[in-house]
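Trainee: Here it is, the structure in full.
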Amino acid sequence: MEKRPTTMSMSVRGEMEKLSMEQLKAVKEQTDLEVNLLNDSLNNIRTATTRLELTSSALHDLSLRPSGKKMLVPITASLYVPGTLQDPDQVLVDVGTGYFIEKNMPQAKDYCDRKISLLKSNFEQLIEISSKKKSISDEAGLVLQAKLKQMAPTSQPNSIASIGAVGGGEGGGAVADDDDDAFDMFGDDEPAAAAEPGLENNGGGLGNDYVFDDASGYYYSHSLGYYYDPNTGLYCSAVSGLWYSYNAETGTYDEVAHQAPEAAAAAVN
């Protein structure tokens, strides 16, 4: 059968919800401490009850033994001395703090029974108190967790997907568009690398985005910023107006002096 919350638990939860985060935390810590102390007291009561039950059993066994019976008398838990039972009807009862009272056998048994009954009654009361404290601690923990969830930020979009959306690449990496002269993820940390014409990697043909420019009579790449002269195989930078030739042996572009007024004028314009 499902356990329904009692009116008291609902009232306690209502009061808990009015508390701040710091107050809830303090309530939980305090009640947890009290529960631990109560559990220690319960363990002590349980131990004392067991010892009294053993004592009551020992008194019953002693009452059955005759006078003059040889026996071992326990001095400590591990030390015994030989002794003789003088009168099985008279015993010394330890009442605590080092005091002993002489009692007959029925009185001693009654003392043990009363102590056991008292301890069991206290045990039941502490069990009830501990259960209530534990319930308060649990309620404080639940309300605290609920408040923490309310204060938690909403879930962020997947970072990898975001990077992919920004980069526009299939692999999620950043990709430079056609208008970027030199894409550098570190920005100002390093100087931008100069763009190279790069036609030779395409077998000498007009690859990339080179298109014929009517104004200059050369082919021009908007992405690289270079003119290409198919008659000489030279390249002209639209920014500096300098001409370069491709060195097949070194795989580099060498600056050359080339008189091409049309391309130079187009570069300046």
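The values are calculated or read from the model by the stated rules, or taken from the named source; none is laboratory data. Keep in mind it's a predicted model, so treat the numbers as computed, not measured. A quick note on method: Cβ atoms are made from the backbone with ideal geometry, for glycine too, and the neighbour counts reach across all protein chains shown. Accessible surface areas use protein heavy atoms only, side chains included; no ligands, DNA or RNA. Shrake-Rupley method; radii C 1.70, N 1.55, O 1.52, S 1.80 Å.
Trainee: Using the per-residue mean of other Cβ atoms lying within 10 Å as a proxy for protection, in what order, highest first, do the peptides 63-75, 234-246, 35-47 fall?
Mentor: 234-246, 35-47, 63-75
Trainee: Under 5 Å between amide hydrogens, which residues at least 5 positions from residue 93 or on another chain qualify, with H placed 1.01 Å from N in the peptide plane?
Mentor: The answer is 101, 102, 103.
Trainee: What residues have an amide H closer than 5 Å to that of residue 218, excluding those fewer than 5 places away on the same chain, when H is modeled at 1.01 Å from N in the peptide plane?
Mentor: 213
Trainee: Continuing with this model, one more query. Under the 0.36 nm per residue contour assumption, what length would be gained going from the current alpha-carbon distance of residue 18 and residue 46 to full extension? Before the final figure, lay out each step's value.
Mentor: Values: separation 28, 0.36 × 28 = 10.08 nm, distance 3.87 nm.
Difference between extended and current length: 6.2 nm.
Trainee: Using a Förster radius of 45 Å, what is the FRET efficiency between residue 146 and residue 113 based on their Cβ-Cβ separation? Nearest 0.05, please.
Mentor: Once rounded, the FRET efficiency stands at 0.35.
Trainee: Leaving out ligands, DNA and RNA, what percent of the accessible area of the range 1-128 is carbon and sulfur, probe 1.4 Å?
Mentor: Roughly 56 percent, rounded to a whole number.
Trainee: Give a residue-ordered list of calculated ³J(HN,Hα) values for the range 41-50 (Karplus: 6.51 cos²θ - 1.76 cosθ + 1.60, θ = phi - 60°; whole Hz; x for Gly, Pro).
Mentor: 5, 5, 5, 5, 5, 4, 5, 5, 5, 5
Trainee: Same structure, new question: Is the shape of the range 48-144 rounded, prolate or oblate, going by the alpha carbon gyration tensor and its root eigenvalues a ≥ b ≥ c, with a/c under 1.5 for rounded and a/b larger than b/c for prolate?
Mentor: Prolate.
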